[in-house]
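The values are calculated or read from the model by the stated rules, or taken from the named source; none is laboratory data. This one's a predicted model, so the numbers in the text were calculated from it and none came from an experiment. Neighbour counts are summed over all protein chains in view; Cβ atoms, including those assigned to glycine, are modelled from backbone coordinates with ideal geometry. To get the accessible areas, we keep the full protein, side chains included, count just its heavy atoms, and leave off ligands, DNA and RNA. Shrake-Rupley method; radii C 1.70, N 1.55, O 1.52, S 1.80 Å.
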Amino acid sequence: MSLVSDIINDALFYIGCYGPGETVSSEEQSFALRCTNRMLDSWSAEKLSAIGVRQASYALDGSGQYAFGVGQSWNATNRPIKIKAASTIPSYGTLSVSTTIAANIAVGTKTVTPASMYHIQAGTRVTVANSDASNTETTMVLAITSTTFTAVFALTKTGPGITVTAAGLPSGLEKPARIVTAEEWVTVADKTRTGIFIEDLMYDNGWPTGNIFVTPMPPAGSVSLWTYEAITNFVNLTDAVSLPPGFERPLVLVLALEMCLPFSRPIPDGLPQLAQAAKLTIQALAAEILGTPMPGAPAQPPQPGQGKQ
């Protein structure tokens, strides 16, 4: 772990802006800090500053669009490079559908119609709550049509006026969503649909605020997002920064090369080669995180006598 000032001072030391026992002026450090952040912005655009995958959950409220970024409704601590994966974790509230069963019914069936915002799927388990507390709650198997389901329940004893309320979904469910492109998103015919689970999710990667679009629109629950995170810009010279293994040396070397022009310093012998090799290290780290091919080395020109026979 280093201070921001350490990274900047080391880069300036490489190009001879100051020597042992000397210090860098605050004006020079402030300028170098701005240059450093511009370089990090450029690395982010080049997909070179990926430092890992982060998971976070965000609340769903029935909307089809959510602002995504620092300070927005879906607040990310760092603006992500891209979304890797998403899944819906539904809410488990009751469906607010109840009926009173006549007295002396030991075993029976009841068809209830859930609120339209819930799209119950075949095979889902639900429970029954009885107004008579001495009756045990039951488990049910569902027979489903497009908008209704049949609850098959069994009571341990008979009793008058037993109220049956269908619950939403059991806990522990999670369903992946498909990450789609803008071209795929526009092919979704009905974006007003509601449902428990998100099927398609599109991130526009907008600036300064990104937007995430979802369909169907769950009324509650949360979405779990796995995002590729980038190195954040530095704020204060006195801040301590903890960079992933392998990032700090390339940052210092490439920054040193960048500072030669604005500080009117000659490029030291060997620095361009060191900076190029260091940037290749970052490219390899980013490719491993993002799962993208490592940029290949430039093709070598054919040597004399190596042409086609």
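Need a quick list: helices (runs of 4 or more DSSP H) entirely within segment 178-293 having at least 3 residues that are farther than 30 Å from Pro90 by Cα and open to solvent by 30 Å² or more (accessible area, probe 1.4 Å).
In segment 178-293, 248-259, 271-290 are the helices (runs of 4 or more DSSP H) which contain 3 or more residues that are farther than 30 Å from Pro90 by Cα and open to solvent by 30 Å² or more (accessible area, probe 1.4 Å).
Tell me, please, whether a residue that is open to solvent by less than 20 Å² (accessible area, probe 1.4 Å) and part of a helix (DSSP H, G or I) can be found in segment 11-24.
yes
So the check is Cβ under 9 Å with 6+ separation or different chains; which pairs have a first residue in segment 6-22 that's within 19 Å of Phe234 (Cα to Cα) and a second one that's assigned to a helix (DSSP H, G or I) and of a type in the set (Asp, Glu)?
Here the result reads Ile7/Glu248; Ile8/Glu28; Ala11/Glu258; Leu12/Glu28, each pair linking segment 6-22 to a residue that is assigned to a helix (DSSP H, G or I) and of a type in the set (Asp, Glu).
Does segment 41-57 contain at least one residue that is open to solvent by 20 Å² or more (accessible area, probe 1.4 Å), assigned to a helix (DSSP H, G or I) and without any contact (Cβ under 8 Å) to a residue 40 or more places away in the chain?
Yes, segment 41-57 contains a residue that is open to solvent by 20 Å² or more (accessible area, probe 1.4 Å), assigned to a helix (DSSP H, G or I) and without any contact (Cβ under 8 Å) to a residue 40 or more places away in the chain.
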